[in-house]
Amino acid sequence: MNFDFSDDEQQLRDAVQKWVERGYAFERRTAIARSGGFSPEAWGELAELGLLGLGTSEEDGGLGMGPVAAMLALEALGAGLVLEPVAAVALVAAKLLASAGADARAAWAPRIASGEARVVLAYQERAARHRLDHVETRATQAGGGWVLAGAKSLVPIGDQADAFIVTARVRGDAADASGIALFLVERTAAGVAARGYALQDGARAAELALDNAPATLLLEPGAAFEALELAVDTGVAALAAEAVGAMDRLFALTVEYLNTRKQFGVPIGSFQALRHRIADMKMQLELARSMSYFATLKLGEPAPARRRAIAQAKVQLGRSMRFLGQEAIQLHGGIGMTDE
């Protein structure tokens, strides 16, 4: 398998890396986290880089570069612990809109790619336990249109979004995938309430309440659930890429520390026992990177193969992240005790 990246992919990665290093320093990230977890100014800069068009076709004003380019860009964003939800808007929501009708796509896809509009998927519910088919939000027809009633949790930048792509049930019980459809709801519509809050990592999310809120049907039952599964898997693959970027940066910081910190007049990185531990960290990092690549490359496969690859990536990334984090704390000690 050829793992060489194209010139365009490499240029995109380099551009994002430069922006993270120069425009998203740790001090800025800390300030954004303290002010609520989202910066419209940083969002505009990401739009100027073209990152918000990663999942939008060229016909709709996006980059149309494919999942590998998105993975490389998100690795670079992960290295800077960027709080703004690029993947949630530019990949997950954009992919769902690409499957919707021409009118909805024309109304929202170009605005997402330009950074003018922020659209996010709202699908998690308190009792779902991460089961996509557990949807209690109800959709009913009224006056020639649709209205939604229910609640969604952990909606990325929910109080800062312009619209939501919402899973709602048009028929069946709370565990029947065949009765789920996808709707678009604007945040300013009647009956919509979003309560924002900060997450543990400093990013922003919201609880979304829908009280007979007017909605536009995007995807009918059947097609909707297949599109939802693919969009969620795309989000998981994106998160894996961000995690690899964060681990990459953590590993580099730890190696730098070992080559700088001295004991007995020599850098502690010259001690054989510590060199072995660094080698183990590097092995786990590369295992995680390989599984991130694998998950990304499988996004175009049929659902069984894709979902298996995503699950395998989640397992390996979880193990690798835990190992690298614990080893880094042991090796660099005190610098992990505060933000500074």
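The values are calculated or read from the model by the stated rules, or taken from the named source; none is laboratory data. Keep in mind that this is a model prediction, so the values were computed, not measured. Because the Cβ atoms are built from the backbone with ideal geometry, glycine has one as well, and the counts that use them run over all protein chains shown. For the accessible areas, the whole protein counts, side chains as well, though only heavy atoms, and no ligand, DNA or RNA atoms are used. Shrake-Rupley method; radii C 1.70, N 1.55, O 1.52, S 1.80 Å.
Reported count of residues in region 314-323, each being more than 11 Å from residue 243 (Cα to Cα) and crowded, with 18+ Cβ neighbours inside 10 Å, is 2. Of all residues in region 261-289, how many are touching a helix residue (DSSP H, G or I) at 6+ places or on another chain (Cβ under 8 Å) and in a helix (DSSP H, G or I)? Count: 14. Taking the conditions (1) open to solvent by 60 Å² or more (accessible area, probe 1.4 Å); (2) in contact with a strand residue (DSSP E or B) (Cβ under 8 Å, 6 or more places away or on another chain) in turn, residue 144 satisfies each one other than (2). Residues in region 2-35 that are outside any helix (DSSP H, G or I) and either β-branched (Val, Ile, Thr) or at pLDDT below 90 (or both): 2, 3, 4, 5, 6. Among the residues examined, residue 109 does not qualify as farther than 30 Å from residue 48 by Cα, crowded, with 19+ Cβ neighbours inside 10 Å and of a type in the set (Gly, Ala, Ser). For region 231-250, the set of residues classified as open to solvent by 30 Å² or more (accessible area, probe 1.4 Å) and either at pLDDT below 95 or over 30 Å from residue 168 (Cβ atoms) (or both) consists of 246, 248, 249, 250, listed by residue number.
With the structure loaded, tell me whether residue 181 is open to solvent by less than 60 Å² (accessible area, probe 1.4 Å), among the small types (Gly, Ala, Ser) and touching a Pro at 6+ places or on another chain (Cβ under 6 Å) or whether it fails that test. Yes. The set of residues from region 97-108 being farther than 18 Å from residue 157 by Cα and in a helix (DSSP H, G or I) comprises 97, 98, 102, 103, 104, 105, 106, 107. Considered as a group, the residues in region 190-204 that are aliphatic (A, V, I, L, M) and touching a residue at least 40 places away in the same chain (Cβ under 8 Å) include one that is surrounded by the most Cβ atoms within 10 Å (Cβ to Cβ), and that residue is 203. Among the residues of region 86-94, is there at least one that is over 19 Å from residue 225 (Cα atoms), hydrophobic (A, V, I, L, M, F, W, C), part of a helix (DSSP H, G or I) and open to solvent by 20 Å² or more (accessible area, probe 1.4 Å)? Checking region 86-94: not a single residue is over 19 Å from residue 225 (Cα atoms), hydrophobic (A, V, I, L, M, F, W, C), part of a helix (DSSP H, G or I) and open to solvent by 20 Å² or more (accessible area, probe 1.4 Å). Within the set 258, 253, the sole residue that is hydrophobic (A, V, I, L, M, F, W, C), in contact with a strand residue (DSSP E or B) (Cβ under 7 Å, 6 or more places away or on another chain), modelled with pLDDT under 95 and in a helix (DSSP H, G or I) turns out to be 258. Can you name the residue in region 36-64 that is more than 21 Å from residue 160 (Cα to Cα) and in a helix (DSSP H, G or I) and is also least open to solvent (accessible area, probe 1.4 Å) among such residues? Within region 36-64, the match that is least open to solvent (accessible area, probe 1.4 Å) is 60.
What are the residue pairs meeting all of these: first residue in region 69-81, first residue open to solvent by 10 Å² or more (accessible area, probe 1.4 Å), second residue among the acidic types (Asp, Glu) and part of a helix (DSSP H, G or I), Cβ atoms under 8 Å, and 6 or more apart or on different chains? Listed pairs, sorted by first residue: 75/242; 75/248; 79/248; 80/21.
So, residue 100, is that one surrounded by fewer than 24 Cβ atoms within 10 Å (Cβ to Cβ) and in contact (Cβ under 8 Å) with a residue 24 or more places away in the chain or not? The answer is yes for residue 100.
Taken over region 147-189, the criterion of being free of Cβ contacts under 8 Å to residues at least 60 places away in the same chain, among the small types (Gly, Ala, Ser) and assigned to a strand (DSSP E or B) is satisfied by 151, 153, 163, 168, 181.
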